[in-house]
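Any read-out appearing in this document is the output of simple, stated calculations on the displayed coordinates, not a laboratory observation. Because the structure is a prediction, the values reported are computed rather than measured.
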């Protein structure tokens, strides 16, 4: 992965949501951070298609 200027992000969610997010990442063999970056990339691509 290319060197990036990383920052910390704090999100508020329930314990159940946190557990579900961690399980989804585990099922995909990735970190929660990688999962969120992947979701963001896909979301941005969909938004571009809708323009």
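A few remarks follow.
- Multiplying the residue separation of residue 8 and residue 44 by 0.36 nm and subtracting their alpha-carbon distance yields 10.9 nm.
- Where only C-alpha atoms are counted, convex hull volume of the chain per residue in Å³: 126
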